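Undergrad: Let me give you the structure first, and then I'll get to my questions.
Every read-out reported here was derived from the displayed coordinates using simple, explicitly stated rules and does not represent laboratory data. Remember, it's a predicted structure, so these values are computed and weren't measured experimentally. FYI the Cβ positions are ideal-geometry reconstructions off the backbone, even for glycines, and counts take in every protein chain you see.
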Amino acid sequence: MQALLKQAQAMQAQMAEAQEKLAATEISGTAGGGLVTATVSGAGEVLGIKIDPKAVDPDDVETLEDLVLAAIRDGQTQAGEMGEEAMGPVAGGAQGLLGGL
C-alpha cells in the first residue's frame, strides 16, 4: 500500500510540473492566412492579439471579428492538444495505479 502511495505522490508531482510548463508556454493561433494572430498560454488563456492592417476594413468589421475569434480558437485548440500530449503519460500512469487498487 505504501508503494502505491509513493507512486501516487510521484505522479501528482509530475502532473503539477507538466501543468506549470503548459502555463508558461505561449502558442500562436492564426486566421486569414496570418492576417490575425492570437497568442494563448498553454492553459488556453488569451495573452495577445495582432492584426495586420490589411485585415482592417471599416466597411466589413464582421469579417475582422470572425478572424479574431478564429485565431483565438486555433490557439486554444493547439493549447488543448499540447496539454493532452503533456498529460498523457501522467494520466496513463494514473490508470495503471488505479487498476492496482
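Undergrad: Where does the charge balance sit around A71 when Lys and Arg score +1, Asp and Glu -1, over other residues with C-beta under 12 Å from its C-beta?
TA: Values: positive: K50, R73; negative: D52, E65, D66, D74.
Local net charge: -2.
Undergrad: For A86, what charge total do you get from the other residues with a beta carbon under 11 Å from its beta carbon, if Lys and Arg give +1 and Asp and Glu give -1? Write down the numbers at each step before the final one.
TA: Numbers: positive: K21; negative: E17, E20, E81, E84, E85.
Counting the neighbours of A86, the net charge comes to -4.
Undergrad: A follow-up question, please. Please provide three numbers in whole Å: the alpha-carbon extents of the chain along the principal axes, with the largest listed first.
TA: 68, 21, 16
Undergrad: Determine ³J(HN,Hα), in whole Hz, for all residues of segment 66-74 in sequence, where each value follows from phi through the Karplus function 6.51 cos²θ - 1.76 cosθ + 1.60 and θ = phi - 60°; x replaces Gly and Pro.
TA: 5, 5, 4, 4, 5, 5, 4, 4, 4
Undergrad: Now for a different question. For the Cα atoms of the chain, what angle does the longest principal axis make with the long axis of helix 2-24, in degrees from 0 to 90, nearest 10?
TA: Helix 2-24 and the main axis of the chain meet at about 10 degrees.
Undergrad: Okay, moving on. Tally Lys and Arg at +1 and Asp and Glu at -1 over the other residues with C-beta under 13 Å from the C-beta of V56: what net charge comes out? List each step's numbers first, then the result.
TA: Working: positive: K50, K54; negative: D52, D57, D59, D60, E62, E65.
That works out to -4.
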